[in-house]
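Worksheet: the structure to be examined is printed underneath.
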Amino acid sequence: MPKKEILLKHATIYVTYLLIVWCFYRFLFKFPDNVEELIIKPIVWLVPILILINKEKLGLASIGITLKNLFPAIYLSLGLGALFVMEALIINFLKYGGFNFGANVGPGPFTATLGLSFATAISEEAAFRGYLFSRVAIALKNSWLANILTGIAWTAIHIPIAFFVWNMSLPAGIVYLFITAIFGLGSAFLFARTGNLASSILLHVLWEWPIILFR
């Protein structure tokens, strides 16, 4: 295991890089969602993680890519995620006076939209829970403090999409960022409990659908 100082240094470098590069990307470019989530985001978010893991001489299991605790990871995320699904149904019903699931999903097939949700979840959860949270928690020996610190960065990286891509009003943007922050805390909590990235990925997908149906 590398020294705690090295892990903290790598985590700091990575989150600084990610915040700067991704914010500039949001300001300067807008590609189709499938290009962004399947090509650009994996390159920008995941390739540096693989480089850092190699330098640390740690395997993919160190970011939660493992079969260990797989079933607890699944049922815990489904249990917590059910709350997000219920929220999505209620918001959608109230907004449209009935259920209208095609309103914000778009014209494409539902399965394609769901697939993009999983692609997004894999990149973002590997970055923030798998890599950043795990490294900061080890370095600080305090999972709650690590959760809060990485949660701040997690919320910050969603500011550009809220206001410059989705063009949310200030009140709607604040609500969205608050929900995003709460999700980040819950996702890191599950990851700390299971050590398996599947818990965070599945929870992310279940959390994202209320956002899709709301906006």
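Laboratory data are not the source of any read-out in this text; all were calculated from the coordinates shown. Nothing here was measured: the structure is a model prediction, and the numbers come from that model. No Cβ is skipped: glycine too gets one built from the backbone with ideal geometry, and neighbour counts run over all protein chains shown.
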C-alpha center-to-center spacing [segment 145-166, segment 1-43] in angstrom: 12
Kyte-Doolittle mean at least -1.0, axial Cα span of 20 Å or more - DSSP H helices of the chain: 4-28, 70-96, 110-125, 170-194, 197-214
Gain in span if fully extended, TRP144 to ILE6, counting 0.36 nm per residue against the direct Cα distance: 47.7 nm
Stretchable slack from ILE174 to VAL47, in nm (0.36 nm times residue separation minus alpha-carbon distance): 42.6 nm
Tensor-based shape of segment 4-214 (alpha-carbon gyration tensor, a/c under 1.5 rounded, otherwise prolate or oblate): prolate
Peptides ranked, highest mean first, by Cβ atoms within 10 Å: ranges 181-194, 29-42, 154-167: 181-194, 154-167, 29-42
Mean ellipticity per residue at 222 nm, deg cm²/dmol - from DSSP H runs of n ≥ 4 across the chain, formula -39500 (n - 2.57): -22500 deg cm²/dmol
Within a Gaussian network of the chain (alpha carbon springs, distance under 10 Å), most fluctuating of ASN142, ASN196, ASN69: ASN142
Estimated inter-spin distance, ASN34 and ILE13, nm [label 7 Å along Cα→Cβ]: 3.7
Dipole of the chain, positive direction: furthest Cα of ILE201, ALA188, ALA139, with charges on the beta-carbon: ALA139
Net charge dipole size for the chain [Lys, Arg +1 and Asp, Glu -1 on Cβ; Debye, nearest 20]: 600
Net length gained if the chain between ALA61 and LEU78 were fully extended (0.36 nm per residue, minus Cα distance): 3.9 nm
Pairwise label distance in nanometres, PHE27 with MET86, each label 7 Å out on the Cα-Cβ vector: 4.2
Top of LEU78, LEU67, LEU28 by mean-square fluctuation, Gaussian network on the chain, Cα under 10 Å: LEU28
